[in-house]
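Every read-out reported here was derived from the displayed coordinates using simple, explicitly stated rules and does not represent laboratory data. Just so you know, these numbers come straight off a predicted model, no measurement behind them. As a convention, Cβ positions derive from the backbone with ideal geometry for all residues, glycine included, and neighbour counts pool all protein chains shown.
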Amino acid sequence: MKKWIKWVIRIPLVLLGLMASLALIAAVAYLLSNRTNGSIISSGEKRSYLLFVPKTYDPATPTPLVISIHGYAEWPAHQMQISHWNDLAKQYGFIVVYPSGTQFPLRWRTRGEPGSDTDPMLDVTFISDLIDQLESEYNLDPARIYINGLSNGGGMSFVLSCKLSERIAAIGTVSGARPPFSVHPRLGRFPGPA
């Protein structure tokens, strides 16, 4: 009987230890793979991004920009790996930037109260500031700035299509989680088909 009680106690402890080990491995993997190569200050926050400029970039030629936005609990380097935008950028000669969301796990603010820490306008401002930063460093074609996003990043792409429609030529989403505008009416209306 005593052996049975010991096993009943040991099994949950072993399972708990395994779960803690897996969580630690996942955290270390995230920290090792969440690499970025640029940062800016936007709305008082340090924001980071991963930029890819193909070797064929010609500063004398206006160049398209693709902004590829990761999903919830994803990160810029993972978005780069799963989207394969860099391969197309090499082939067709455009620049790609993978901005990073905020908090842990990383996410985009697609809903929230105006003026709060979750206000979507903080991320809209970040993307606008990022475009400004890249335009100051590279010869970007302002008529060919595109945004795509996955999941939560798709929702952010939709928000950006409403708020930065004068700067963005088109968006694309994959499983985009569209924010409910009744929650945040300042986001406006979708400007039309992309």
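Of ILE95, ASN139, GLY112, which is farthest along the charge dipole of the chain in the positive direction, counting Lys and Arg as +1 and Asp and Glu as -1 at C-beta? Ranked along the dipole, the leading option is GLY112. Between the stretch 125-163 and the stretch 51-88, the C-alpha centres lie 12 angstrom from each other. Rounded to the nearest 20 debye, the dipole magnitude of the chain is 1180 debye, with +1 charges on Lys and Arg beta carbons, -1 on Asp and Glu beta carbons, and the Cα centre as origin. Summarising the amide proton neighbourhood of ILE69: residues at separation of 5 or more, or on other chains, whose placed amide H is nearer than 5 Å comprise ASN148, GLY149, LEU150.
Near GLN103: Cβ cut-off under 15 Å, other residues only, Lys/Arg at +1 and Asp/Glu at -1. The net charge is 0.
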